[in-house]
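One structure is given here, and the rest of the page talks about it.
The values are calculated or read from the model by the stated rules, or taken from the named source; none is laboratory data. Not measured: the values here are computed from a predicted model. Glycine gets a Cβ as well: all are built from the backbone with ideal geometry, and neighbour counts include every protein chain shown.
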């Protein structure tokens, strides 16, 4: 049998939904790949537990491809630069829920990320800006249509909405993305969007490729 790819949308600390979704996937760990489209952190109540589930998969030898979302990108930028101008944005993104998940860590620990277990810190350091296969491009937010993939700015890959959402453009491969939430998965000839707003009380969604089958957890 040919290998499959299962891509999972924005988790945002919804560890219970992630656990249920993983149980529902017809996933063969010896052959298949799990792609996480980013935004593991913030807003939801169980960030630590969600990261632990993903790290456990990696420890067990599952082939996972974890992408960087805008929430991880901004946190790591603050960690690297200490730029105080980023703090209001981080707070607005629900960083407080992440800190609470790790036992009520303080903002003062953000520059060192000392509140993160070493394995969770290593996971964040391993996040990719995108992942490309023969048929697909996996990315958190989207692409700019007038730039080659290798030259895309990471802030766009993690944060773009327009013009990516408005333009039905052939990128040469179908783009699988999260970041912008829809009530149900978005499927067009050029794009598949699978952020279905799990943290807002909606479904956590995965897509199986190339079969284009969707799986959900409420």
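Before moving on, here are some points about what is shown:
- Residue satisfying all of: in the range 2-16; assigned to a loop (DSSP other than H, G, I, E, B) and on the phi < 0 side of the Ramachandran plot; surrounded by the fewest Cβ atoms within 10 Å (Cβ to Cβ) among these: 2
- Qualifying positions in the range 91-109 - under 24 Å from residue 156 (Cβ atoms) and out of contact with any helix residue (DSSP H, G or I) (no Cβ under 6 Å at 6 or more places or on another chain): 91, 92, 94, 95
- In the range 103-136, residue surrounded by the most Cβ atoms within 10 Å (Cβ to Cβ) [restricted to those that are at pLDDT 95 or above and part of a helix (DSSP H, G or I)]: 123
- Within the range 17-51, being in a helix (DSSP H, G or I) and surrounded by fewer than 17 Cβ atoms within 10 Å (Cβ to Cβ) holds for 19, 20, 23, 24, 49.
- Yes/no for residue 96 being over 21 Å from residue 188 (Cα atoms) and not in a helix (DSSP H, G or I): no
- Check on residue 183, more than 19 Å from residue 11 (Cα to Cα), surrounded by fewer than 17 Cβ atoms within 10 Å (Cβ to Cβ) and either touching a residue at least 12 places away in the same chain (Cβ under 8 Å) or out of contact with any helix residue (DSSP H, G or I) (no Cβ under 9 Å at 6 or more places or on another chain) (or both): no
- Any hit, the range 165-179, residues being out of contact with any strand residue (DSSP E or B) (no Cβ under 6 Å at 6 or more places or on another chain), outside any loop (DSSP other than H, G, I, E, B) and buried (at least 20 other Cβ atoms within 10 Å of the Cβ): no
- Some residue of the range 137-157 being in contact with a helix residue (DSSP H, G or I) (Cβ under 7 Å, 6 or more places away or on another chain), in a strand (DSSP E or B), at pLDDT 95 or above and surrounded by 15 or more Cβ atoms within 10 Å (Cβ to Cβ): yes
- Residues of the range 53-82 classified as on the phi < 0 side of the Ramachandran plot and either at pLDDT below 95 or assigned to a helix (DSSP H, G or I) (or both), total: 19
- Selected residue [surrounded by fewer than 18 Cβ atoms within 10 Å (Cβ to Cβ) and more than 17 Å from residue 33 (Cβ to Cβ)] from 210, 189: 189
- Within the set 17, 2, 23, the sole residue that is without any contact (Cβ under 8 Å) to a residue 12 or more places away in the chain, under 26 Å from residue 211 (Cβ atoms) and touching a strand residue (DSSP E or B) at 6+ places or on another chain (Cβ under 9 Å) turns out to be 23.
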